[in-house]
1. Of the residues B:Q62, B:Q83, B:Q44, B:Q51, which is open to solvent by less than 40 Å² (accessible area, probe 1.4 Å) and polar (S, T, N, Q)?
2. Inspect all residues belonging to the range A:127-144 and state whether any of them is within 9 Å of another protein chain (Cβ to nearest Cβ), more than 22 Å from A:T207 (Cα to Cα) and polar (S, T, N, Q).
3. What pairs come out if I take residues in the range B:113-136 that are farther than 16 Å from B:T214 by Cα and pair them with residues that are of a type outside the set (G, A, S) and surrounded by fewer than 16 Cβ atoms within 10 Å (Cβ to Cβ) whose C-beta lies under 7 Å away, six or more apart or interchain?
4. Could you please find all residues in the range B:193-221 being at the interface with another protein chain (Cβ under 9 Å from one of its Cβ atoms) and among the hydroxyl-bearing types (S, T, Y)?
5. Can you go through B:I227, B:I147, B:I159, B:I152 and tell me which one is facing another protein chain (nearest Cβ under 10 Å) and β-branched (V, I, T)?
6. Considering the range A:208-229 alone, what residues qualify as being in a strand (DSSP E or B) and at pLDDT 90 or above?
7. Right, B:A169: over 30 Å from A:P174 (Cβ atoms), in a helix (DSSP H, G or I), away from chain A (no Cβ under 14 Å) and open to solvent by less than 30 Å² (accessible area, probe 1.4 Å) or not?
8. Among the numbered criteria (1) open to solvent by 40 Å² or more (accessible area, probe 1.4 Å); (2) not in a helix (DSSP H, G or I), which single criterion is violated by B:K10?
Amino acid sequence: MTEPLLDIKNLRIRFRSDEGTVKPVNGVSFQVNEGETVAVVGESGCGKSLTSLSILGLVPSPGEVFEGEIRLQGKDLTKLKKNQMRKLRGNEISMIFQEPMTSLNPVFTIGNQMTEVIKLHQQLDKKESINKVVEMLDLVGIPEPERVVRQFPHQLSGGMRQRVMIAMALSCNPKLLIADEPTTALDVTIQAQILNLMKKLKDELNTGVILITHDLGVVAEVADRVVVMYGGEVVEEAHVNEIFDNPVHPYTRGLLSSVPKMTGSVEELGAIQGSVPTPSQMPKGCKFHPRCPIATDLCKDEHPNLEETLPNHFKRCFHMEGGSIYEQHKRETTT
Amino acid sequence: MRYFLSSILKVIPVLLMISFIVFFLVRLTGDPVSLMLPETATDQQREDLRQSLGLNDPIYIQYFTYMADVIQGDFGESFRYNQPAIDIVLERLPASFTLAISSMIIATIIAVPAGIYSAIKRNTFADLIITGSSVLGKAMPNFWLGIMLILILAVQFSIFPVSGSGTIAHLVLPSITLGTAIAAEMTRLIRSSMLEVLGSEYIRTARSKGLRETIVVNKHALRNALIPVVTIMALQTATLIGGTLITETVFSWPGMGQLLVQAVNARDMAVVQAATFIIAILVILSNLTADLTYRFLDPRIKYED
């Protein structure tokens with residue numbers, strides 16, 4: 001098997017303060033291959049955004065990666081010097097953020113902000129880099145790119161700004177693109193356009209994509225593989241069809257049942273009880289047990305490991321046949 | 001350009017209001033005739049002077065006569081100096097202007113780097129030193145700092161002249177006195193503005209592009225952080241030109257503040273009115289400058305509105 005593009009192993013991030021140390025990311029491992037889209041799914045606060053920031057080496061202070069490896073084509077990013085890391089950012093790894101309205105600097109033109117990254121990483125002169133910008137803006141479907149180059153962010157709509165962000169992120173042909181909820185702040189019609197665009201560009205450029213989202217509709221649309229995170233760790237990982245057809249972890253099942261469907265009665269829309277624990281109040285044992293419908297005493301005391309139950313299907317749950325127990329439990333409670 | 005013209009048009013009613021207030025306030029402070037004539041003057045003499053000054057006319061006639069003169073640049077004669085009031089005021093203007101500008105330059109040279117540095121080194125020892133000294137600078141009375149500077153740098157070491165004006169050397173101590181006080185306030189302002197900007201999403205974007213931290217700070221953050229600072233700076237400059245009585249007194253600096261206070265004490269109405277007018281125009285001008293700079297720094301504000 002060829003080496004994965006990105007290999008995260010046992011990543012742990014901590015924040016130290018006077019009140020103590022919290023570990024919002026605690027032992028995350030997953031891989032991304034070239035040309036593959038991996039969706040990282042979970043509720044707010046599960047550590048998914050922090051994981052993605054750590055790949056760029058941009059964990060906000062006082063946070064730090066204190067254990068684990070992030071290997072990009074075999075090179076451990078956590079060991080790189082600041083200078084070396086900076087050369088990768090925007091070049092080999094780039095990121096699209098979830099707030100298109102505020103992610104562009106309001107006082108500089110689109111052209112200025114885009115040529116900046118091209119000039120930095122691709123040794124092009126001013127004229128060449130402006131041509132490149134126009135070409136990229138055209139590629140992401142912005143009408144009249146020559147005019148947009150001279151415009152300021154506030155003159156563009158949210159959808160257009162997100163296209164600019166995508167164009168900027170892709171302008172140096174990155175090997176890895178991290179998209180942190182790229183469509184959350186956009187209208188539904190624009191969402192579809194942006195997702196199609198990302199899919200198209202990914203296929204053309206063979207970029208590996210990490211798509212961070214809590215929108216399972218988006219996941220079904222674009223992902224190849226899905227990593228479900230809860231409480232700073234991976235609780236289930238499988239191919240996208242596997243996740244939707246045969247979810248094993250009770251948390252994944254909860255997430256799926258909370259999505260409204262076109263078929264079936266409306267009353268069946270499920271919700272996961274309780275809320276995400278804060279990193280400082282993580283429960284002992286399985287982190288999901290206080291909210292889990294099938295939790296047993298074992299779950300309260302012991303912390304389950306991530307295990308491969310089916311080929312390429314990993315889950316972190318003691319109840320190996322979690323599915324059937326879950327079904328059984330559901331039957332019992334509904335009857 | 002259209003914006004510029006419309007702002008100038010907006011200034012006219014403001015100036016009218018000021019003229020109105022200045023004119024009536026001065027009239028309320030007492031009878032100028034009793035000040036201008038010795039106590040031994042006869043009633044007839046008083047009446048004659050009153051008549052010749054037009055003080056017996058109805059007050060609105062007096063106001064209109066006054067305004068007609070003002071529009072022609074005639075603010076009347078100063079009876080203390082027996083010169084046109086406007087000449088006396090304009091004579092003081094260069095001194096005030098020089099002191100204001102040099103203090104602002106000193107303040108900017110100190111505050112911009114200090115503010116940026118303490119923001120990027122937040123909660124470190126350096127930050128503590130900078131914020132600590134800016135509290136100190138703000139709390140220290142101007143006259144005390146001025147006197148200390150005179151004692152040490154002028155009296156003890158004779159590096160700079162004790163007081164007066166005329167040469168660049170005369171300018172140094174009063175500029176430092178005023179400049180450091182403004183710097184203290186500006187540093188805190190820049191620091192907090194910078195901290196807010198550094199936490200914003202577009203700074204994270206800039207970092208994610210692989211830009212050097214110096215470019216992230218000095219290009220992407222600073223320009224945004226300066227927007228609120230510019231307004232304060234322009235207003236400070238106006239206040240400085242308008243006069244900083246205490247510093248001017250300590251250093252015998254022949255500025256507007258000194259002139260205005262002397263004129264008020266002597267009830268030299270013409271000078272008070274002329275000085276107030278000039279100061280008002282300067283404040284308006286500096287507001288206009290702030291507005292234009294603001295628009296230059298922040299493209300979100302359109303000239304059309």
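The values are calculated or read from the model by the stated rules, or taken from the named source; none is laboratory data. Note that this is a predicted model, so its numbers are computed, not measured. Cβ placement follows ideal geometry from the backbone for every residue including glycine, while neighbour counts extend to all protein chains displayed. Calculation scope for accessible area: heavy atoms of the full protein, side chains included, ligands and nucleic acids excluded. Shrake-Rupley method; radii C 1.70, N 1.55, O 1.52, S 1.80 Å.
1. B:Q62
2. No; the residues of the range A:127-144 include none that is within 9 Å of another protein chain (Cβ to nearest Cβ), more than 22 Å from A:T207 (Cα to Cα) and polar (S, T, N, Q).
3. B:D127/B:K121
4. Matches in the range B:193-221: B:S200, B:Y202, B:T205, B:S208.
5. Selected residue: B:I227, the only one of B:I227, B:I147, B:I159, B:I152 that is facing another protein chain (nearest Cβ under 10 Å) and β-branched (V, I, T).
6. A:G208, A:V209, A:I210, A:L211, A:I212, A:R225, A:V226, A:V227, A:V228, A:M229
7. No; evaluated as a whole, the condition is false for this residue.
8. (2)
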